[in-house]
1. Of all residues in region 92-108 being surrounded by fewer than 21 Cβ atoms within 10 Å (Cβ to Cβ) and of a type in the set (Val, Ile, Thr), which is nearest to the chain's Cα centre (by Cα)?
2. Of all the residues that make up region 64-91, how many are of a type outside the set (Asp, Glu), surrounded by 13 or more Cβ atoms within 10 Å (Cβ to Cβ) and farther than 20 Å from ASP48 by Cβ?
3. Of the numbered conditions (1) under 25 Å from ILE28 (Cα atoms); (2) not in a loop (DSSP other than H, G, I, E, B), MET88 satisfies every one except a single condition; which is it?
4. Select from region 44-63 the residues that are at pLDDT 90 or above, surrounded by fewer than 13 Cβ atoms within 10 Å (Cβ to Cβ) and not hydrophobic (A, V, I, L, M, F, W, C) and list them in ascending order.
5. Does region 50-70 contain at least one residue that is in a helix (DSSP H, G or I), more than 22 Å from PRO31 (Cβ to Cβ) and within 12 Å of the chain's Cα centre (by Cα)?
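The values are calculated or read from the model by the stated rules, or taken from the named source; none is laboratory data. These numbers were taken from a predicted model, which means no experiment stands behind them. Glycine also receives a Cβ, built like all others from the backbone with ideal geometry; neighbour counts cover every protein chain displayed.
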Amino acid sequence: MLRRLADEEGKHRRYVSLDLLGPRTLAIENPALFMQRYQAPLLIIAEDGELFPIEVKLSATPTVRDVRGISALQKKGAPLGKGMVACMVDEPFPLTADVEAMPPDIVW
């Protein structure tokens, strides 16, 4: 479903499973290089038929523009729960009615 959504939008994200040792180790040991190599990932947690999207950004000043991946899922009618942007903020705050900016220590 996610690959179809990305293709319909005309964007081709790289799909990375952190079950693979190489990307997981890189994400832990050198997050900046991971983000450069794999672009900003959109992580999705599926639970009880709902999708909980997480955009990952290195910014300490996220904006509504940082929820574009989540917005694309909303436009397609995906069954979304609350979303978040994991970023370098000190305290959580709302970016939109359905998405909050969250510090990485809360997310992970």
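1. VAL107
2. Residues in region 64-91 being of a type outside the set (Asp, Glu), surrounded by 13 or more Cβ atoms within 10 Å (Cβ to Cβ) and farther than 20 Å from ASP48 by Cβ: 10 in total.
3. (2)
4. Scanning region 44-63 gives THR61, THR63.
5. Taking region 50-70 and keeping what is in a helix (DSSP H, G or I), we get 64-70.
Next cut, more than 22 Å from PRO31 (Cβ to Cβ) only: 64.
Keeping just the survivors that are within 12 Å of the chain's Cα centre (by Cα) gives none.
No; the residues of region 50-70 include none that is in a helix (DSSP H, G or I), more than 22 Å from PRO31 (Cβ to Cβ) and within 12 Å of the chain's Cα centre (by Cα).
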